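Okay, so here's the structure we're looking at.
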Amino acid sequence: MTESPSRRSLIGWGGAGLALGAVAAGGAVAMTRGDDVDTVAAETGAAVDFHGAHQAGISTPVQDRLHFAAFDVQTEDRAEFVRMLKDWTAAARRMTGGQAVGEGAFGGLAEAPPDDTGEAVGLKPSRLTLTIGFGPSLFQKFGLADQQPEGLVELPHFAGDALDKNRSGGDLCVQACADDPQVAVHAIRNLARIGFGKVVIKWSQLGFGKTSSTTPEEQTPRNLMGFKDGTRNIAGTETDRLKKFVWVDEKAGPDWMVGGSYLVARRIRMHIETWDRTPLQEQEDIFGRDKGEGAPVGKAKERDEPFLKAMKPDAHVRLAHPTSNHGATILRRGYSFTDGTDGLGRLEAGLFFLAYMRDVREGFIRIQRNLATDALNEYIQHVGSAVFAVPPGVRDKDDWWGRTLFSKEA
């Protein structure tokens with residue numbers, strides 16, 4: 001007797017297979033993205049809608065946990081890679097909606113691996129967002145060299161950089177943010193599994209304790225040095241500032257990037273044992289803010305406009321401020337990390353810096369060059385680095401990650 005094939009054997013991991021019959025893991029209904037519903041999702045742990053003109057996970061209210069992964073492409077077959085992007089999109093659509101991948105983690109053929117790894121079953125969507133980006137090296141593959149945006153450039157070497165090549169670069173990345181770390185890890189794990197044989201994880205980073213907020217009505221988070229971080233960050237409701245500093249438009253081009261952004265990721269090691277022995281006044285002078293309220297030097301409240309000349313010339317806030325950088329402004333979305341010890345009794349800890357901008361040259365590069373004399377540099381070191389072009393959002397159920405780029409003629 002011939003055994004009837006499963007749906008998986010007929011239509012594979014992705015595409016229609018991922019859109020059929022999976023068991024809901026969280027039970028929450030996805031909410032269309034917007035200022036009010038994003039806030040509701042943040043309060044309830046509900047799903048953030050996957051669809052939109054821009055990818056979720058950029059101006060979306062920042063979640064508590066991160067799993068970031070950079071991938072290298074193994075396949076040389078453009079059609080196979082595009083098929084993977086479509087499969088990834090279908091899986092991401094389901095996972096951000098609180099549903100399992102494909103036919104789920106159980107109940108399918110006993111002779112075949114399940115479509116979902118299962119560790120998120122029963123968990124809420126936890127505001128999971130998945131954001132994809134393409135690195136400069138990807139454009140040297142699949143006949144894409146002429147499509148690399150001018151705004152996507154490899155970062156120059158900055159003073160004090162000690163970059164680990166095993167924690168830098170990547171052909172593409174996926175940023176998974178959620179309020180439950182297991183939900184974020186589950187998402188990256190399942191995308192890596194779907195991509196097996198076509199892509200491989202080059203490096204990844206777990207993060208906790210958001211160090212910036214896109215919702216200024218909330219309390220400003222603190223970094224591992226104990227200071228409030230991201231006071232002047234762009235809010236998700238500030239559509240004018242997002243348009244000016246974050247989203248790529250027709251003038252900035254190319255056309256396939258309109259509605260997208262550029263992402264800079266930097267792994268910044270903090271020498272926290274040295275910092276913890278530094279006098280309070282010196283710490284405050286280094287940042288240019290007081291440690292309690294977060295007020296700028298000479299001011300009373302955190303959000304008071306800084307008087308930069310009252311700060312020391314090498315104060316971090318003074319050097320990073322837009323007026324010190326020809327107006328350069330970026331949207332920050334970083335996380336703290338601790339990754340064990342360095343073998344010398346010191347914590348391997350710091351900031352996983354994530355920032356989105358309209359142009360890498362006019363954003364991060366301009367600011368980072370100005371921070372060459374930053375007094376904070378004595379206590380930190382950039383040890384990992386990557387830059388990515390983040391395409392526009394997935395518009396509807398028929399759209400997919402990277403369509404605006406890969407639907408062009410090869």
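The values are calculated or read from the model by the stated rules, or taken from the named source; none is laboratory data. Remember, it's a predicted structure, so these values are computed and weren't measured experimentally. All Cβ positions, glycine included, derive from the backbone under ideal geometry; neighbour counts span all protein chains shown. Keep in mind that these areas ignore ligands, DNA and RNA; they rest on the heavy atoms of the full protein, side chains included. Shrake-Rupley method; radii C 1.70, N 1.55, O 1.52, S 1.80 Å.
Quick notes
- Looking at segment 281-351, the trypsin sites (Lys or Arg not before Pro) that sit in a DSSP loop and have at most 11 other Cβ atoms within 10 Å of their own Cβ are Lys301.
- Working from label points 7 Å from Cα in the Cα-to-Cβ sense, the Thr323 to Asp304 distance is 1.5 nm.
- Value of [θ]222 nm, deg cm²/dmol, for the chain, DSSP H segments ≥ 4, -39500 (n - 2.57) each, nearest 500: -5500 deg cm²/dmol
- Under 24 Å of direct C-alpha separation, and excluding same-chain neighbours fewer than eight residues apart, Lys251 reaches these lysines: Lys243, Lys408.
- Neighbour cut-off at most 14 other Cβ (10 Å), DSSP loop, chymotrypsin sites (Phe, Trp or Tyr not before Pro), segment 58-110: Phe106
- Within segment 275-372, GluC sites (Glu not before Pro) in DSSP loop having at most 14 other beta-carbon neighbours inside 10 Å: Glu293
- Residue with peak Gaussian network fluctuation, the chain [Cα springs, cutoff 10 Å], from Ala349, Ala110, Ala120: Ala110
- R0 of 60 Å, Cβ-Cβ distance Ala372-Val121: FRET efficiency to nearest 0.05: 0.75
- Contour excess over end-to-end distance, with Cα ends at Glu250 and Arg361 and 0.36 nm allotted per residue: 38.2 nm
- Normalised per residue, the accessible area of segment 278-368 is 45 Å², obtained with a 1.4 Å probe and no contribution from ligands, DNA or RNA.
- Rounded to 10°, Cα long-axis angle of helix 181-194 versus longest principal axis of the chain: 50 degrees
- Computed with a 1.4 Å probe on the full set of protein chains, the accessible area for Arg193 sits at about 80 Å².
- Average Cα contact separation per residue, the chain, under 8 Å, 6 or more apart, as relative contact order %: 22 percent
- Estimated FRET transfer efficiency (Gln182, Asp396; beta-carbon r; R0 25 Å; 0.05): 0.30
- Comparing Cα centroids, segment 287-313 and segment 124-203 end up 36 angstrom apart.
- Residue among Leu130, Ala105, Gln281 farthest towards the positive dipole end of the chain, charges placed on Cβ: Gln281
- Solvent-accessible area of the chain (1.4 angstrom probe, protein heavy atoms only): carbon and sulfur portion equals 51 percent.
- Max mean-square fluctuation residue, GNM over the chain, Cα-Cα springs under 10 Å, options Gly236, Gly393, Gly253: Gly253
- At R0 = 35 Å, FRET efficiency that the Cβ-Cβ distance of Leu280 and Asp240 yields, to 0.05: 0.40
- Taken about its Cα centre, the chain carries a charge dipole of about 340 debye when Lys and Arg each add +1 at the Cβ and Asp and Glu each add -1 at the Cβ.
- Protein-only accessible surface order, largest first, of Glu250, Glu273, Glu76 at 1.4 Å: Glu76, Glu250, Glu273
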